[in-house]
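Notes to accompany the following structure.
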């Protein structure tokens with residue numbers, strides 16, 4: 001513990017002294033937490049040179065996304081794997097990295113699953129009705145975000161109450177006896193702001209067991225879902241000094257038939273998930289130095305019940321995090337940042353015919369970044385960070401990036417190191433046939449990307465192409481009766497993005513991602529990383545009140561494990577999914593909407609042994625008053 005506090009205490013002392021506002025201080029514009037773009041004098045930011053896709057609350061409403069998995073499905077560089085239909089486990093990988101090598105951050109706190117073997121976040125339970133913005137940051141960014149940020153980072157920012165008080169509501173129904181209800185309130189009065197959202201999602205579920213196994217099923221074929229969410233965000237203060245509290249609770253009851261091989265008897269899973277964060281924001285030096293100090297607690301509890309009613313699997317994880325982030329705007333051309341955090345993780349597992357497991361670990365991190373404009377079109381960003389995990393050697397990561405604009409072209413790129421600390425399960429899990437390895441080394445990567453962007457046709461057409469490569473070493477793999485650092489892999493490819501404003505109210509967005517992901521020792525393709533992914537979206541206004549959109553998702557062939565003969569590998573066929581959305585604004589308060597999913601009723605599996613939903617039709621109404 002002494003090493004952690006030796007990193008953190010000096011920075012707290014220095015920042016606390018310098019951040020005291022001088023008498024008579026004016027009220028500057030508040031700096032946003034992630035991208036500094038609201039300052040009176042704009043200053044560069046380390047993410048200015050990164051490849052980022054931003055999804056706003058307006059985008060989520062237009063796409064009619066129900067879960068975080070829905071929201072990320074069409075993002076370039078992102079591959080989604082889901083064990084069946086709505087509610088079933090869904091994970092993402094970025095640029096060919098594994099699902100556990102994507103960091104997910106909610107309102108400043110890492111929420112990668114402490115109880116999961118590889119730490120991957122299950123996106124299926126995460127509703128998006130309280131989400132203000134999602135940022136998908138592609139590439140190794142451990143120098144800014146710490147562990148798990150090898151393939152990239154998903155940053156989620158929840159809504160803050162603003163404006164006059166409003167009551168919000170949504171009701172939706174559709175295929176597979178699916179019903180969703182959402183009610184909320186938000187607003188701001190003087191120095192108090194509030195936002196509360198409660199939602200309920202219920203579905204009979206689509207059969208996740210493929211047709212070829214249907215004759216083996218016992219009981220009903222569907223996999224039902226019951227899920228409730230409630231989130232609250234309260235704040236007090238003004239632009240220069242603000243205190244906020246965010247709380248989110250999710251409970252889910254899910255039926256499923258999953259595993260290797262596919263289970264034919266119905267199982268049930270219950271899940272409870274809690275997230276609480278208290279954060280203070282304050283500014284000094286006439287708004288040039290901003291600070292965000294927070295403490296958060298995150299916990300999840302998953303329990304499986306087999307077909308005999310026996311509790312056959314309990315997974316619990318919790319995490320406590322204290323952090324402090326600072327941004328110093330030296331002048332309009334230079335900005336410095338510093339972040340420090342202290343985290344404790346715990347996990348507990350138990351199952352039939354196996355021993356129970358308990359473990360905990362503490363780690364601390366300290367990082368800094370400097371961004372500056374050398375000349376008006378040339379921006380440079382540098383970042384470095386050191387992380388120390390209990391029982392592991394310290395890990396140092398860095399990233400350098402640059403952006404240059406000339407002749408209507410924008411060139412940008414970066415080189416950085418990412419890492420993923422071994423999970424508690426990988427280090428300490430024990431069973432009659434398996435013993436964790438406490439001496440595992442962190443997985444590390446060295447990655448680069450380079451992109452070119454240009455606008456044509458009086459900026460109505462925007463084209464961008466990004467090349468990338470990531471070499472990952474010391475991957476943790478199963479080695480007999482324990483885990484070992486053995487694998488070295490390489491992922492590389494490109495992302496192409498085209499945006500065309502056909503007319504004032506109509507636009508087309510096309511993306512293509514090509515990824516090669518191979519084991520450098522065996523030269524075999526990595527599983528569940530399709531080489532090609534293409535998306536097409538057409539969005540437009542038929543009338544000022546009537547919006548329509550259509551989308552196509554193509555995912556190419558990929559290698560997967562044979563669900564009936566693990567670890568045998570098989571080739572999975574490509575698939576194409578067609579969808580459409582429409583909405584009509586009846587007046588200022590009421591909107592009706594509808595969408596079609598998998599309109600061609602294409603039958604496909606992703607992954608092998610888990611059938612995806614067929615045709616789905618959904619309709620709903622929104623109200624804001």
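Observations on the model:
- Top-ranked residue in segment 182-220 [being under 30 Å from residue 281 (Cβ atoms) and assigned to a loop (DSSP other than H, G, I, E, B); ranked as modelled with the lowest pLDDT]: 190
- Qualifying residue in segment 96-103 (condition: more than 16 Å from residue 141 (Cβ to Cβ) and in contact with a helix residue (DSSP H, G or I) (Cβ under 9 Å, 6 or more places away or on another chain)): no
- Candidates 473, 486 - the one that is under 18 Å from residue 420 (Cβ atoms), surrounded by fewer than 16 Cβ atoms within 10 Å (Cβ to Cβ) and in contact with a strand residue (DSSP E or B) (Cβ under 6 Å, 6 or more places away or on another chain): 486
- Set 541, 458: member being surrounded by fewer than 16 Cβ atoms within 10 Å (Cβ to Cβ) and either in contact with a helix residue (DSSP H, G or I) (Cβ under 8 Å, 6 or more places away or on another chain) or over 27 Å from residue 598 (Cα atoms) (or both): 458
- Test: residue in segment 428-441 that is farther than 30 Å from residue 480 by Cα and surrounded by fewer than 21 Cβ atoms within 10 Å (Cβ to Cβ): no
- Meets criteria (in contact with a helix residue (DSSP H, G or I) (Cβ under 8 Å, 6 or more places away or on another chain) and assigned to a strand (DSSP E or B)) for residue 472: yes
- Taking segment 560-625 and the strands (runs of 3 or more DSSP E) fully enclosed by it, the elements with 2 or more residues that are under 23 Å from residue 61 (Cα atoms) are at 575-585, 590-597, 616-624.
- Which listed residue is in contact with a strand residue (DSSP E or B) (Cβ under 8 Å, 6 or more places away or on another chain) and at positive phi, from 493, 451, 447, 480: 493
- Residue 157 closer than 27 Å to residue 100 by Cα and assigned to a strand (DSSP E or B): yes
- Test: residue in segment 169-182 that is over 30 Å from residue 222 (Cβ atoms) and surrounded by fewer than 22 Cβ atoms within 10 Å (Cβ to Cβ): no
- Residue list for segment 421-436, filter: in a loop (DSSP other than H, G, I, E, B) and closer than 18 Å to residue 388 by Cα: 421, 422, 423
The values are calculated or read from the model by the stated rules, or taken from the named source; none is laboratory data. Bear in mind that the values here come from a model prediction, so they are computed numbers and not experimental data. When we count neighbours, we look across all protein chains shown, and the Cβ atoms used for this are built from the backbone with ideal geometry, even at glycine.
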